[in-house]
1. If a residue has to be assigned to a helix (DSSP H, G or I) and closer than 20 Å to residue 248 by Cα to count, how many in segment 307-332 make the cut?
2. List the number of the failed condition for residue 182; all other conditions in (1) at pLDDT 95 or above; (2) assigned to a loop (DSSP other than H, G, I, E, B); (3) under 20 Å from the mean Cα position of the chain (by Cα) hold.
3. Tell me whether segment 167-182 contains one or more residues that are touching a Phe, Trp or Tyr at 6+ places or on another chain (Cβ under 7 Å), surrounded by fewer than 17 Cβ atoms within 10 Å (Cβ to Cβ), closer than 29 Å to residue 259 by Cα and of a type outside the set (Ser, Thr, Tyr).
4. Only one of 30, 46 is surrounded by 21 or more Cβ atoms within 10 Å (Cβ to Cβ) and either modelled with pLDDT under 95 or within 16 Å of the ligand (Cβ to nearest atom) (or both); which?
5. If you scan segment 270-282, which residues turn out to be within 15 Å of the chain's Cα centre (by Cα) and more than 18 Å from residue 25 (Cβ to Cβ)?
6. Which pairs have Cβ atoms under 6 Å, sit 6 or more apart or on different chains, and link a residue in segment 268-287 that is touching a residue at least 40 places away in the same chain (Cβ under 8 Å) and more than 19 Å from residue 90 (Cα to Cα) to one that is more than 7 Å from the ligand (Cβ to nearest atom) and of a type in the set (D, E, K, R)?
7. So which helices (runs of 4 or more DSSP H) stay within segment 185-295 end to end and still have 2 or more residues that are more than 29 Å from residue 11 (Cα to Cα), of a type in the set (S, T, N, Q) and away from the ligand (no atom under 16 Å from the Cβ)?
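The values are calculated or read from the model by the stated rules, or taken from the named source; none is laboratory data. Since we're looking at a predicted model, the values are computed, not measured. Heads up, the Cβs are rebuilt from the backbone with ideal geometry, glycines too, and the neighbour counts pull from every protein chain shown.
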Amino acid sequence: MSSRTHKISVLKGDGIGPEVVDATLKVLDAVQKVENIRLEYVMGEAGFNCIEKYGTNLPPQTIELIRKTEACLKGPMTTPEEPGSPRSVAVTLRSIFDLYANVRPARTLPNVPSLKPGIDMIIVRENTEGLYSGKEFEVTPGVGVAMRIITKAASERVAKFALDLAMKRRKRLTFVHKGNILKITDGIFKGAVHEVANSYPQVELEDLHIDAATMQLIKRPESFDVMVTTNLFGDILSDEAAQLVGGLGVAAGANIGDDFGMFEPVHGSAPKYQGQNRVNPVATIESTRLMLEYLGERKAAERIRVATEKVLEEGKAVTYDLGGKAKTSEMGAAIAEKVRSEVRAAPALRA
Ligand code: NAD
């Protein structure tokens, strides 16, 4: 039987990026063999190290290369903070490819400390506007202004994405905003959510202010199903949600648009761990699970989920952040091995 082929662009990034991506590619190699799919990788350069070499962190040839692929696996990259320095690669890619929904799941994993049992939620963050529009000015020395752009169109499409997701899950949508203070911008966001939700009468809606949401996330995290919010609030809430279920080492992310998907861990380049082969590869491995789901390869995605959970459950080949001593490469190899050995357990996979 001939295998299905998907062309994937891979940006290893910098800092701990190459380490977590290499460990992940071992898992993808294993899943390709057992599921009879072929992932054709096209490697691209991007990130901090490109700035000196090309004068930009995202060279045009990399953008062209990504355009020729179905999806992109992106490692973390360092973003310089000086005013005038290049914008984050993730933010630029989200805007070039119009990846408007940032999907960040947080679920309780076996043998991983979780604030409460049974957490299983997904944060959908609007990804293209809000305070990440990059429009900041120093009006006069010492007085800065950042533009928080919120449009009805962008709010509606992310609301629709979140509602469609809720329909496939427990049919609960919490929308988070600060409409009592940001009456115009968050008024537009709120209005859009309500309008789109009219077509989804089965979905139960919950309205939360951002400050209350940060608290409720700690108080009753197990009650949330899908949460939708604007760009900055979503970024902050998803780091908080990640910490509820084991930290940034296990937090995966997907950036989805109508024609393209980019998949990356929530964490950054953690420069202090660079080159030590110490950090947790699960966030990146889980991101490729989301990528395989996006590509329609559900069985392959499920196999990665089962293999990762087995390794976590056994607790032998886990990295320092989960209380273990395994290296990044060892944890990746252990998950790859489970992907292979789970062939015998294939009937147990969910359809
Ligand atoms: P970070 O996520 O890189 O690291 C914060 C801390 O989280 C680390 O010191 C470490 O203790 C822990 N951590 C992160 N990843 C881990 C892993 N895989 N396993 C175990 N522990 C892990 O955040 P930061 O220090 O704020 O940012 C560093 C750089 O990364 C900055 O330049 C920032 O702009 C960039 N960044 C990039 C992205 C991206 O590429 N999408 C996302 C966030 C931050």
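1. 15
2. With (1) at pLDDT 95 or above; (2) assigned to a loop (DSSP other than H, G, I, E, B); (3) under 20 Å from the mean Cα position of the chain (by Cα) applied to residue 182, the lone miss is (3).
3. Among the residues of segment 167-182, at least one is touching a Phe, Trp or Tyr at 6+ places or on another chain (Cβ under 7 Å), surrounded by fewer than 17 Cβ atoms within 10 Å (Cβ to Cβ), closer than 29 Å to residue 259 by Cα and of a type outside the set (Ser, Thr, Tyr), which makes the answer yes.
4. None of the other options fit; the residue is 46.
5. None - no residue of segment 270-282 is within 15 Å of the chain's Cα centre (by Cα) and more than 18 Å from residue 25 (Cβ to Cβ), so the list stays empty.
6. Short answer, once both residue conditions are applied: 277/19; 277/327.
7. 210-219
Table: residues versus (1) hydrophobic (A, V, I, L, M, F, W, C); (2) within 13 Å of the ligand (Cβ to nearest atom); (3) touching a residue at least 40 places away in the same chain (Cβ under 8 Å); (4) out of contact with any Ser or Thr (no Cβ under 6 Å at 6 or more places or on another chain).
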site	(1), (2), (3), (4)
37	yes, no, yes, no
52	no, no, no, yes
55	no, no, no, yes
74	no, yes, yes, yes
